[in-house]
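The values are calculated or read from the model by the stated rules, or taken from the named source; none is laboratory data. The shown structure was predicted, so the numbers you read here are calculated from the model rather than taken from an experiment. Positions of Cβ are backbone-derived with ideal geometry, glycine not excepted, and every protein chain shown enters the neighbour counts.
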Amino acid sequence: MATSPLLDAKIPAGPLEDKWNRYRSSVPLVNPANKRRLEIIVVGTGLAGASAAATLAELGYKVKAFCFQDSPRRAHSIAAQGGINAAKNYQNDGDSIYRLFYDTVKGGDYRSRESNVYRLAEVSGSIIDQCVAQGVPFAREYGGLLSNRSFGGVQVQRTFYAAGQTGQQLLLGAYSALERQVGMGTVKMYSRHEMLDVVVIDGKCRGIIARNMVTGELERHAGHAVLICSGGYGNVFYLSTNAMGSNVTAAWKAHKRGAFFGNPCFTQIHPTCIPVSGEHQSKLTLMSESLRNDGRIWVPKKQNDNRIPSAIPEDERDYYLERRYPAFGNLVPRDIASRAAKERCDAGYGVGPSKMAVYLDYTSAIERYGRGEANKNNLFNATPEQITVMGKAVVKEKYGNLFDMYKQITGEDPYEVPMRIYPAVHYTMGGIWVDYNLMTTVPGLYALGEANFSDHGANRLGASALMQGLADGYFVIPYTIGAYLANEIRSGDISTNHEAFDQTERDVRERIEKLLSIQGKTSPEHFHRRLGKIMWDKCGMARNAKGLQEAIQEIRALRKEFWSDLRVVGTANELNPELDRAGRVADFIELGELMCLDALNRNESCGGHFREEYQTEDGEALRDDENYMYVAAWQYLGESQWELHKEDLEYENIKIAQRSYK
Amino acid sequence: MDANANMHLTLNVWRQRNNSTEGGFVTYEVSDVSPDMSFLEMLDVLNERLVHEGKEPIAFDHDCREGICGSCSMYINGRPHGPLKGVATCQLHMRSFKSGDTIAIEPWRAVAFPVIKDLVTDRTAFDRIIASGGFVSVNTGNARDANSIPVRKENADDAFMAASCIGCGACVAACKNSSAMLFVSAKISQLALLPQGQTERKIRAEKMVAQMDSEGFGACSNTGACSAECPKEISLDTIARTNREYLGAKMTSSAV
Ligand SMILES: Cc1cc2nc3c(=O)[nH]c(=O)nc-3n(C[C@H](O)[C@H](O)[C@H](O)COP(=O)(O)OP(=O)(O)OC[C@H]3O[C@@H](n4cnc5c(N)ncnc54)[C@H](O)[C@@H]3O)c2cc1C
Ligand code: SF4
Ligand code: FES
């Protein structure tokens, strides 16, 4: 194998530990007077976009930021629950930059780029410092210092959190930094705006076309660089834990204008979500991975056991994760925990009305915490009831909002009965291919946060997405963008009268008109649901060649039907959520095909990509390092046509092994 | 369809084309509603039907559907976010209603939140209030080690409670004066409780209150309806704290 000449990752030379430091001090700088003349467009105001927009404006660049919600504070990052990792080693439990780096590469099943991941681990500590300085109220111990917890796939406590609302607090921190710049006039904020295309002039990205979602007007925005920070594409599966509006459109338009798409089939199915309750369901709700710190996962040892959980005695319960993976127990990585749950349910041990669920049980944690409290308060004769009350109070403090959420949705009280959980689509490791500078294959076009493919390989560890989004925005792009912009100071203002703007705007307008003119019988929602079903059944937790080939045919047929039978009510010059949805579903359909193609190409199992043909005897993922230790970067050539380019992954600092959590 | 999808409801929904046309209530009958559906899923079902009939679906803001993004915003039978305490519209489930119920659904009513369409309002005034001072002025890269600033756990917990505001605007919608005092106080309190927020404490309170006034929100008369309807149950104590902060600021500074 050899890396495609089109995929120069621009990894700096030198030993791993020195790469970033050295590079950072040698990136060309742009002087303050020139920065004021350079415009940067940031698409998205989640953790990645808000932190990038704020920081770039602080540095003196002119920034325009876009989001489709009514306020930048509502980006999907707001919903992240469990926490953010950082190699601070505050717990003195042996953590280090190297260990965070190692855990992330191993957790990703050896499909991520060493240099990027090391840099991520290096800057992780500064993220916590920055957030605390902004007033992010992380959880603290009685001594006033920061508290930590564990997440899956690791054996240290390095996760910082704010109850079950970590994403909210981090995003509000980044949002306040962004709004501060808006107040100072250095960032111009465009909310309720949807980017619908990027404009490329002479091979360089020079701006975007955005639609004002209230008036329907198409707007041209020019910039010397464009940053796609538009989040992940999990909603291609229709049901996922993502927010309803999360979509691939921004990334997909970038892809169709020349940005290669990396590892599109790498999706994360999260093990602990509230199971589907009926056909009306519009989205799935995550129960944070942090719950696996204290909760125990089990199913009955007997198939089709219909007893209520409390009537099943201890020795008739199968704590299958503790049984199969004694070293990590309930804290195995997500891909492994998800497959194990599917395996039990498929084999007939599932619980609940649908039988597609397993228990997440807090009984023993409540008792353990209750005893701890009793000891702390010298209550040596506490009754079991008192212990339970005290234990519940501790659990409430740690996980209260998650327990409330569960109760609200299911109508059951998780303090009294075990929660029922099942895996659900959660995150996409795949995304736009970027080099070490976070630049895509189109010069001047960057991708940050979940929208890029970069750091998580074939499986992301818990609490690492928040870390990556903020690393990209606060600490990476502000430096690396200089490498490109230093050469742009002579470009001057970019005119939106250029014919490329005319043409791109025309393309966007024609497509909107097309969507509205079909006037068929079927709603965008309906097509989305059908696409989701194909993807979940054939490109979900387990995949095989036959299923993927079928899926590709089915998706092509669905696309045809979409473009001949779609019905969008309303017009293009008003607030029209149906029209927004239609455009997004059209892009999801095209992406779905590429995901299946990528999954079909990758004849191995790794991380979240499980090809049934490639597994060990005990059902673990079987990698093929010889043939597939590469990033699959797809170039768009035309409808249903892609060319595959490979970036070889080289591991110089980590010994590759079969991932074992036993 | 779900086996237990057996509820029937009458909805009176506010429909309004845009900000420059008048709106009015339109009545819809919906059946086959399951008690397990969320309120917004019930509206989804109605919207699917409207689309099928070639009619425009009801526009409403929503995104996370987990009670955290603050997008969803509507009066349900006259109460912001509906009947339950501490619950945003998206987390309200139909089991809180009975078959046969009539439900009125309206957008936020406040001068500072003009209606855009149907149930969708413009809440950017909140962003402008934050932009006026709802932050700690610390550029990226200027921070010292996080554990070099210990914070009393009680203060950290109280700051967190205040910071959990989702910016939905229900407090404004609940208030007979359309005051934004609870929203503003939540942010002022969060930062006043933390050492990081001290330097700009006075100026922050002054600027945010001034911006709130200039956006057309009404005055606070301490009625408490805001906190009672707040999906995050932000406490009235935050308002008391803000009044102290603001008075303190007013007495020692001349600039506004
Ligand atoms: C329920 C849930 C819980 C999670 N919990 C955790 C956790 O505990 N720890 C962790 O590390 N990770 C967690 N994650 C993952 C993490 O939250 C996300 O990966 C991360 O927040 C993504 O941030 P982002 O900035 O890349 O994108 P997002 O936050 O998704 O933001 C995308 C932005 O792009 C804008 N946008 C998109 N398309 C367009 C367009 N066409 N035009 C204009 N604007 C556009 C949107 O308006 C938005 O502002 C969780 C995810 C979910 C779903
Ligand atoms: S204070 Fe409460 S009601 Fe007001 S915006 Fe915040 S969360 Fe909503
Ligand atoms: S939709 Fe996010 S809070 Fe209701």
Subset tally (residues that are under 20 Å from A:His76 (Cα atoms), part of a helix (DSSP H, G or I) and of a type in the set (Gly, Ala, Ser)) for the stretch A:126-182: 5
Leading residue by the ranking (farthest from ligand 1 (Cβ to nearest atom)) among those in the stretch B:56-70 that are over 15 Å from the mean Cα position of the chain (by Cα) and facing another protein chain (nearest Cβ under 7 Å): B:Glu56
Odd one out for A:Asp109 among (1) within 11 Å of chain B (Cβ to nearest Cβ); (2) among the acidic types (Asp, Glu); (3) outside any helix (DSSP H, G or I): (1)
Those helices (runs of 4 or more DSSP H) lying entirely in the stretch A:379-494 with at least 1 residues farther than 26 Å from A:Gly608 by Cβ: A:384-410, A:477-485
Condition check for A:Val154: hydrophobic (A, V, I, L, M, F, W, C), surrounded by fewer than 24 Cβ atoms within 10 Å (Cβ to Cβ) and at negative phi: no
Residue check, B:Ala159 within 10 Å of another protein chain (Cβ to nearest Cβ), part of a helix (DSSP H, G or I) and touching a Leu at 6+ places or on another chain (Cβ under 7 Å): yes
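Table: residues versus (1) under 24 Å from the mean Cα position of the chain (by Cα); (2) at the interface with chain A (Cβ under 9 Å from one of its Cβ atoms); (3) surrounded by 15 or more Cβ atoms within 10 Å (Cβ to Cβ).
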site: B:Ala5; (1), (2), (3): no, yes, yes
site: B:Gln16; (1), (2), (3): yes, no, yes
site: B:Thr27; (1), (2), (3): no, no, no
site: B:Val30; (1), (2), (3): no, no, yes
site: B:Gly54; (1), (2), (3): no, yes, no
site: B:Cys72; (1), (2), (3): yes, no, yes
site: B:Tyr75; (1), (2), (3): yes, no, yes
site: B:Pro80; (1), (2), (3): yes, no, yes
site: B:Leu84; (1), (2), (3): yes, yes, yes
Flag for A:Gly207 being within 17 Å of the chain's Cα centre (by Cα) and either within 27 Å of A:Val442 (Cα to Cα) or free of Cβ contacts under 8 Å to residues at least 24 places away in the same chain (or both): no
Qualifying residue in the stretch A:420-440 (condition: modelled with pLDDT under 95, among the hydrophobic types (A, V, I, L, M, F, W, C) and touching a strand residue (DSSP E or B) at 6+ places or on another chain (Cβ under 8 Å)): no
Hey, B:Lys85 without any contact (Cβ under 8 Å) to a residue 12 or more places away in the chain, away from ligand 1 (no atom under 16 Å from the Cβ) and more than 16 Å from B:Val120 (Cα to Cα) or not: no
Test: B:Ile129 is over 26 Å from A:Gly183 (Cβ atoms) and surrounded by 22 or more Cβ atoms within 10 Å (Cβ to Cβ): no
Members of the stretch A:604-662 that are outside any strand (DSSP E or B), in contact with a helix residue (DSSP H, G or I) (Cβ under 7 Å, 6 or more places away or on another chain) and over 24 Å from A:Asp103 (Cα atoms): A:Glu613, A:Ser640
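Okay, residues lined up against (1) surrounded by 15 or more Cβ atoms within 10 Å (Cβ to Cβ); (2) polar (S, T, N, Q); (3) on the phi > 0 side of the Ramachandran plot; (4) touching a residue at least 24 places away in the same chain (Cβ under 8 Å):
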residue	(1), (2), (3), (4)
A:Thr480	yes, yes, no, yes
A:Tyr484	yes, no, no, yes
A:Arg490	no, no, no, no
A:Asn497	no, yes, no, no
A:Arg509	yes, no, no, yes
A:Lys514	no, no, no, yes
A:Thr522	yes, yes, no, yes
Residues (more than 11 Å from chain B (Cβ to nearest Cβ) and acidic (Asp, Glu)) located in the stretch A:148-199: A:Glu194, A:Asp197
Checklist (1) among the aromatic types (Phe, Trp, Tyr); (2) at pLDDT below 95; (3) closer than 30 Å to A:Asn263 by Cα applied to A:Tyr110, failing item: (2)
Exclusive hit being surrounded by fewer than 23 Cβ atoms within 10 Å (Cβ to Cβ) and in contact with a Lys or Arg (Cβ under 6 Å, 6 or more places away or on another chain), set B:Lys176, B:Lys153: B:Lys153
The stretch A:462-477 residues that are within 15 Å of A:Gly152 (Cα to Cα), paired with ones that are surrounded by 24 or more Cβ atoms within 10 Å (Cβ to Cβ) and among the aromatic types (Phe, Trp, Tyr) (beta carbon under 7 Å, 6 or more apart): A:Gly462/A:Phe151; A:Ala463/A:Phe151; A:Ala465/A:Tyr427
Residue that is nearest to the other protein chains (Cβ to nearest Cβ), among those in the stretch A:30-81 that are part of a loop (DSSP other than H, G, I, E, B) and touching a helix residue (DSSP H, G or I) at 6+ places or on another chain (Cβ under 6 Å): A:Ser71
Per-region count, the stretch A:75-91, residues within 6 Å of ligand 1 (Cβ to nearest atom) and on the phi > 0 side of the Ramachandran plot: 1
Candidates A:Pro300, A:Pro333, A:Pro309 - the one that is of a type outside the set (Gly, Ala, Ser) and surrounded by fewer than 20 Cβ atoms within 10 Å (Cβ to Cβ): A:Pro309
B:Ser20 vs. criteria free of Cβ contacts under 8 Å to residues at least 12 places away in the same chain and more than 7 Å from chain A (Cβ to nearest Cβ): yes
Any hit, the stretch B:96-114, residues being at the interface with chain A (Cβ under 7 Å from one of its Cβ atoms) and on the phi < 0 side of the Ramachandran plot: no
